Amino acid sequence: MRPRLMAHALRQHGLVTRNQALRSGYSASEVRALTGRGTWHTVRRGVYAERTLWEQFDRDEMDRRRILAVFLQAEQPLYASHGSGGLLQHLALLEVSRRRIHMTAPRIDAGRGENGVVYHPARVSAVDTTTTPFGPVTSVARTVCDIARYDGYDAGIVAADRALRDGLPREELERVVSGMRNWPGVRAVRAVVEDADQGAENPGESLHRVVISRLGWGRPRLQVRVTDGGRTAYVDAMLGCHAFEFDGFGKYARAQTAETGDAPASVVFEEKRREDWLRSRPEIAGLSRSVWDEVWEEVRCAGEGPLLRRFRTQVDATIARVGMAAWMSSLDSSTRV
C-alpha cells in the first residue's frame with residue numbers, strides 16, 4: 001500500500017475506501033486488480049484492507065471493522081446500536097445479536113436494510129451516546145435496552161449482566177427504559193432491567209440463572225461463598241440449600257499452561273474433589289451440574305426441556321431430603337417468589 005493511502009489505513013484501523021485509494025494515486029483498474037487477485041480484502045463494497053493484515057484479526061476485530069466500514073461510507077450521522085453497539089463496547093452477546101450490523105439515526109427510513117445493515121429510526125439524546133475508537137455508539141444502557149427490545153429477553157439478560165459487572169449503575173438502565181414507554185419490545189426490556197445480575201461471570205452463567213429461575217422458586221443467589229474456615233469456594237448459583245454449578249467448555253478443554261501447569265485431566269480431577277467437598281458442607285443439601293449445550297438447548301425450548309426437568313427432579317429430591325419447612329427456611333428472602 002502506497003504511503004498516502006497507508007496514512008488513511010493507519011487512522012482507520014487498517015481500512016481504506018475506494019475514493020481514498022483513487023485520491024492517493026491508484027487508478028480504478030489498479031483497485032480492481034488488487035481486489036480481484038485478493039491482495040486487498042473487500043470488507044464492504046468500496047472499503048478494503050490488506051489481506052495479510054485482515055487475516056490476523058480475530059472474529060471480534062473483523063466485525064468491529066465491518067461496522068467501521070459502514071461509518072466510512074455514511075452520508076449522515078449514525079450511531080452503532082443494538083448488537084453492533086454492544087460489540088464496540090465489549091458487551092457479552094448471543095449470536096442473534098451479531099447477525100447483522102445495526103445503526104440508529106433520527107432521520108432514516110424505518111427498518112431500512114441494505115447489505116447486511118439494519119437502520120433504526122429513533123431519537124437518541126446526547127446522554128445516550130458515546131464514542132469508541134471505531135465510531136459513535138449508543139450508550140451502554142441504551143444499547144442493552146435496544147438488544148433486549150430487538151433480540152429478546154435472553155440476549156438482553158446476557159448483555160445486561162455484563163454491563164452491570166463492568167460497572168454500569170442499574171439506575172441508568174431504569175432511566176433509559178422509562179423513556180421507552182409504548183416502544184416495541186419494551187416489556188422484555190423491563191424484565192431484563194429487573195432481573196439483571198452482576199454476579200454472572202459469562203453468558204453461560206447468565207442463561208444458567210434464567211433456567212434455574214424457571215423452577216418457580218424465585219431467583220437464585222450467584223457466586224455464593226462457601227467455607228469451612230480452611231477452604232473457600234464460590235458456588236455459581238444457590239437456590240435455598242441446593243447448589244448449581246455451570247461448567248463452561250474452557251474449564252475442561254484448556255491446554256496445559258505455563259502459569260498453572262494444569263492439563264485437562266487434572267482440571268477434571270480437581271473439579272471432582274471440589275464437588276465432593278461442596279456436597280459435604282452442611283449448607284448444601286443437593287447439587288446440580290450443567291454444561292453450555294444443555295443450558296442453550298433449554299433456553300431455546302418453548303416448554304420445559306430436559307435440563308429443567310432434571311433440575312426439578314434434583315431440587316425435589318433435596319426438598320424431600322430436608323423437608324419443606326427446612327427448604328423454605330433455607331430460601332433467602334431475595335429469592336422467594
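The table for this structure:
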read-out: For peptides 122-129, 138-145, 97-104, sequence by mean Cβ density within 10 Å, most packed first; value: 138-145, 97-104, 122-129
read-out: Principal-axis tilt of helix 153-165 within the chain, Cα atoms, nearest 10 degrees; value: 90 degrees
read-out: Stretch in the chain that is longest and holds no GluC sites (Glu not before Pro) that DSSP places in a loop and that have at most 16 other beta carbons within 10 Å; value: 76-258
read-out: Relative exposure of LEU278, LEU5, judged by other C-beta atoms within 10 Å (fewest first); value: LEU278, LEU5
read-out: Cβ-derived FRET efficiency at R0 25 Å, ARG100 paired with MET6, nearest 0.05; value: 0.20
read-out: Contact order normalised by residue count of the chain, Cα under 8 Å, 6+ apart, percent; value: 10 percent
read-out: Beta bridges per DSSP with both ends in the chain, % antiparallel, nearest 5; value: 65 percent
read-out: Binned Cα-Cα distances of the chain, short to long, each 20 Å bin given as a whole percent; value: 26, 46, 24, 4, 0
read-out: Debye intensity ratio I(q)/I(0), log10, the stretch 60-195, q values 0.17, 0.20, 0.21 Å⁻¹ (C-alpha model); value: -0.82, -1.17, -1.30
read-out: LEU53-ASP228 FRET efficiency (beta carbon distance; Förster radius 51 Å; 0.05 resolution); value: 0.45
read-out: Loop-located trypsin sites (Lys or Arg not before Pro) in the stretch 1-84 whose Cβ has at most 11 other Cβ within 10 Å (DSSP); value: ARG37, ARG45
read-out: Helix-only CD estimate at 222 nm, as mean residue ellipticity for the chain, using -39500 (n - 2.57) per DSSP H run (n ≥ 4); value: -14000 deg cm²/dmol
read-out: Beta bridge orientation in the stretch 60-195: antiparallel %, DSSP, nearest 5; value: 55 percent
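Read-outs throughout are calculated quantities, based only on the coordinates presented, and are distinct from any laboratory measurement. Computed from a predicted structure; not experimentally measured. As a convention, Cβ positions derive from the backbone with ideal geometry for all residues, glycine included, and neighbour counts pool all protein chains shown.
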